[in-house]
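The block underneath contains the structure these notes are about, expressed in structure tokens.
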Amino acid sequence: MYAVKALYDGVSFKPKQPITIKEHYEVIITFVEPVKKIGTSTLPFKRGCMKDKMWMAHDFNAPLDDFAEYM
């Protein structure tokens, strides 16, 4: 079983990511909720709206002490 997100524009389905399946599959289409468009974007938020609201620790890639015995 595979799950693929797609947008439906009233005529056709447009996958949000490439589909590389070569066999024929029976599919079940489930309409989850309408997409609220902002301008021409299909994103539920404006690009850049989280700028300066998120940060990453300076030692993000440092080894964790909890896994020291496995390293």
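Coordinate-derived values only; no laboratory data. A quick note: this is a predicted structure, and the numbers were derived from the prediction, not measured. Ideal geometry is used to build each Cβ from the backbone, glycine not excepted, and the neighbour counts take in all protein chains shown.
Which is the longest part of the chain that has none of the chymotrypsin sites (Phe, Trp or Tyr not before Pro) sitting in a DSSP loop with at most 10 other Cβ atoms within 10 Å?
3-24
Assign unit charges at the C-beta atoms only (+1 for Lys and Arg, -1 for Asp and Glu), then state the dipole size of the chain relative to its Cα centre in Debye, rounded to the nearest 20.
With Lys and Arg at +1 and Asp and Glu at -1, about 740 debye.
On a straight-distance basis, which lysines could pair with Lys36 in a cross-link, Cα separation under 26 angstrom, same-chain partners fewer than 8 positions away excluded?
Those lysines meeting the cut-off are Lys5, Lys14, Lys16, Lys46, Lys51, Lys53.
Provide Ile19, Ile28 in ascending order of the number of other Cβ atoms located within 10 Å of each residue's Cβ, fewest first.
The fewest-first ordering by Cβ neighbours comes to Ile28, Ile19.
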